[in-house]
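Taking it in order: structure first as structure tokens, then the write-up.
The values are calculated or read from the model by the stated rules, or taken from the named source; none is laboratory data. These numbers come from a predicted model, not from an experiment. Here Cβ is always computed from backbone atoms with ideal geometry, including for glycine, and neighbour counts include all displayed protein chains. Remember, those area values only see protein heavy atoms, side chains included, never the ligands or the DNA or RNA. Shrake-Rupley method; radii C 1.70, N 1.55, O 1.52, S 1.80 Å.
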Amino acid sequence: MSGPGRSGPTGRRVEGLPVVAIVGRPNVGKSTLFNRIVGTRLAIVEDRARTTRDRLYATAEWNGRRFVVVDTGGLEIEPGDVIEAKVQEQARLAIAEADVIVFVVDAAAGPTPGDLEAAELLRRATAPVIVAANKADNLRRELEAAEFHGFGWTEVHPISALHGRSVADLLDAVVAALPPPTEAELAEREREARAAEAAWPATEDAGAPGDAGPPESAGATAEWTGAAAEWAVAAGEPAAIAIVGRPNVGKSSLLNALLGEERAIVSEVPGTTRDAIDTRLRWGESEIILIDTAGIRRRGRVASAAPAERYSVLRALRAIDRADVAVLVVDATEGLTAQDAHIAGYVVEAGRGLVIALNKWDLVEKTPRTFDEAVAAIRRAAPFLELAPVVSISARDRLRVGRVLELALDVWGARRRRVSTGELNRLVATAVERQPPPLVHGRRPKIRYATQVAVAPPTFVFFGVDVADLHFSYRRYLENRLRDAYGFIGTPIRLVFRDRAERPAGPEARRLARRR
Ligand code: GDP
Ligand code: GDP
């Protein structure tokens, strides 16, 4: 069932996380399944604040494999499509872009004509298709689900997304069907493993830490952590920037305006294949890779017009996965749409940097307050975008287009900022003094010390007693103090809270257990 060729119609898998698409007609339970998968993902090294309410894409992890789950039911593919057409569009999208397709059907209703149509299309997929016969809430329905074998796929899983029944088995099957991990995926895991290791400083075991504040040997910790954080930055790598956004917002125009700037020296065009053309350029002192995104065309290039190109959302997700910073181009005459907010939410979730470019500014009737009002409207529509710098541009008139790259480079730098443990702990001590954490179960959580364990995005671990129970608003308070002090423009930052008792398995944990 799995083979090297099943990587989308292009036969070439774009680097980034594999994509699992959930397909099916309305009301079969796609979004319920999506939420269950996302909700059951293992807590990895980071705590993630919820960014958007109704997410359509999210990163999930199961059996040690990470992948992007997409609820294709929510994708606004061709606005105004009738429902039947929508399912077909979803199926086409999944065929074009997904590494594994989960075809959800309703075991209570049995096969419907709509299911049959979707199945007909999905049979053309080279990616493995796994049928999830949902609403199999009881044994009888489970047995009835066997009907769906008639579609011709061997993998039919009766599940109940609502109650969680057999969803684990379904996920086992999904993960087993994923293509082997790419180099990039393996490298990322390696970095995370190192960062997690660094989150258990030897200093804590070596001596009795004071009741408050950093241990005496914080300096040594800082150095050590620094070395671990180094793993997150491959030396001398260019800043990878992806220009993303809905069709017609002006992405291609922006790209071409940038390449036409005097400061841009296009040094190389590597990886020129039919479906991905990254552009490498020098911008002053900086090396930049502009990551190719579906639907963006460089002037003078023959358009490949792959049929899949219309369905560009998943390609955009993959471009984001490969990028350090995403520039979200928004049409200023329309403001931030729901689809824009979804893409932006994905960028932030994926831990990437974000710059918002309000394009077509030339078409906007302006007063001195127009820009501030536009920014305020964006923040209102999506409060989690507060971190992203906004710039108004006109790709047509080449107004401030260079500023876009400069902001993206600032964000790139911010993602790599490192704060020494000593400095960090002074900041945390002051913050805690000014506003102590609220009581949890009648006790006051105590932060003993904090250390930065990774960059890109900056990740901080706070150790202490009962800190794992710290209220969200207090975590936010700490994050804001970090942002006030260090800026971190355009980049998510991650705060992880660990109670001292919560130790990793392994020799260190055993040593600690023996001491008790
Ligand atoms: P979507 O349109 O395919 O995304 O479907 P939803 O996830 O919105 O679910 C449609 C309806 O089916 C909702 O009322 C869900 O609560 C219900 N539903 C979803 N999964 C199950 C299930 O496993 N069992 C039962 N009985 N109902 C379910
Ligand atoms: P893409 O689909 O996001 O790559 O968008 P394009 O770059 O192809 O632009 C879509 C349309 O918007 C084209 O007709 C452009 O000429 C127009 N456009 C792009 N940028 C601007 C701008 O800054 N001002 C105005 N007035 N039109 C623009």
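So here's what we get for this one:
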{"read-out": "Dipole magnitude of segment 113-161, debye to nearest 20 (Cβ charges: Lys/Arg +1, Asp/Glu -1, about Cα centre)", "value": "80"}
{"read-out": "Value of D in µm² per second that Stokes-Einstein yields for segment 421-499, Kirkwood Rh from Cα pairs, at 10 °C (1.306 mPa s)", "value": "126"}
{"read-out": "Förster radius 35 Å - calculated FRET efficiency between Thr112 and Thr333 (Cβ-Cβ, nearest 0.05)", "value": "0.25"}
{"read-out": "Dipole in debye (nearest 20) - segment 431-495, about Cα centre, beta carbon charges: Lys, Arg +1; Asp, Glu -1", "value": "80"}
{"read-out": "Extension gain (nm, one decimal) between Glu373 and His149, 0.36 nm per residue minus Cα-Cα", "value": "75.1 nm"}
{"read-out": "Peptide ranges 116-122, 155-161, 400-406 listed from the most packed, as the mean C-beta count within 10 angstrom indicates", "value": "155-161, 400-406, 116-122"}
{"read-out": "Accessible area (Å², per residue) of segment 421-499, counting only protein heavy atoms and a probe of 1.4 Å", "value": "41"}
